[in-house]
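Notes follow once the structure below has been shown.
Computed from the coordinates by the stated procedures, all read-outs in this text should not be read as laboratory data. Keep in mind it's a predicted model, so treat the numbers as computed, not measured. Note that we place each Cβ from the backbone using ideal geometry, even for glycine, and neighbour counts take in every protein chain shown.
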Amino acid sequence: MRKSQLFKSVYDEYCHKVYRLCCTFCRAEDDRRDLMQNIFLNVWKNLRSFEGRSHISTWIYRIAMNTAITFAQKNRREQNRFTQLNETAFEYSDPAPSAADSLEVRQTTEILFDAIRQLNETDRIIISLYLEEEPRREIAAVTGLTEKHVGVKIYRIKEKLAQLLKGGPDEY
């Protein structure tokens, strides 16, 4: 299979999952799309180096995790240099929004993303993969944690999200 065909099939299968992960790192739609583009650019650049020692989803999520963490750190540094004049609300936008998604569903999803964005980067990755129904062994492979530690982290993250969604403290 040619590299371009392989990339297209990988992109088609993982674009929505990667986009939702981007939503947990970025509030602004432009930033989400920039992050997603950076992730898939890194996938493209490294596609030939994929050796098949792990499942391709593990490899893609590992690239996504590293790229998202770097992107978030870069954005934090830039935000410290600039003051945002006007932050406006926006509607959640998926690369291929479903007509069945009501405004209420999109708003509820965005509230969840807001809560997830308050977590540290590793916890964002863990809960994103958990919400994508990835098995714990896959999450462990992506994060470098043990399966048991992933289970503990998921439990704690869910408790923290419940607290945040009830309007608890913004500190993690």
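Amide H of Leu145: which non-local residues (sequence gap of 5 or more, or other chain) have their own amide H closer than 5 Å, using H built in the peptide plane?
Excluding prolines and chain starts, which carry no amide H, there are no hits.
Using Cβ counts within 10 Å as a stand-in for footprinting exposure, how do Glu134, Glu51, Glu110 rank, fewest first?
Glu51, Glu110, Glu134
Counting other beta carbons within 10 Å of each residue's own, what order do Val10, Val105, Val150, Val18 fall into, fewest first?
Going from sparsest to densest Cβ surroundings: Val105, Val10, Val150, Val18.
Cut-off is 10 Å between beta-carbons; in what order do Ser4, Ser57 appear when sorted fewest neighbours first? Kindly include the intermediate steps, with their values, before the conclusion.
Working: Ser4 10, Ser57 18.
In increasing order of surrounding Cβ atoms, one gets Ser4, Ser57.
Could the peptides 137-148, 32-43, 154-165 be put in order, highest first, of the mean number of other beta-carbon atoms found within 10 Å of their residues? Don't jump to the answer; show the numbers that get you there.
Numbers: 137-148: 16.9, 32-43: 18.5, 154-165: 14.6.
Listed from highest to lowest mean packing, they are 32-43, 137-148, 154-165.
Run the simple label-point estimate for Arg48 and Tyr11 please: 7 Å along Cα→C-beta, distance reported in nm.
In this crude label model, Arg48 to Tyr11 measures out at 1.8 nm.
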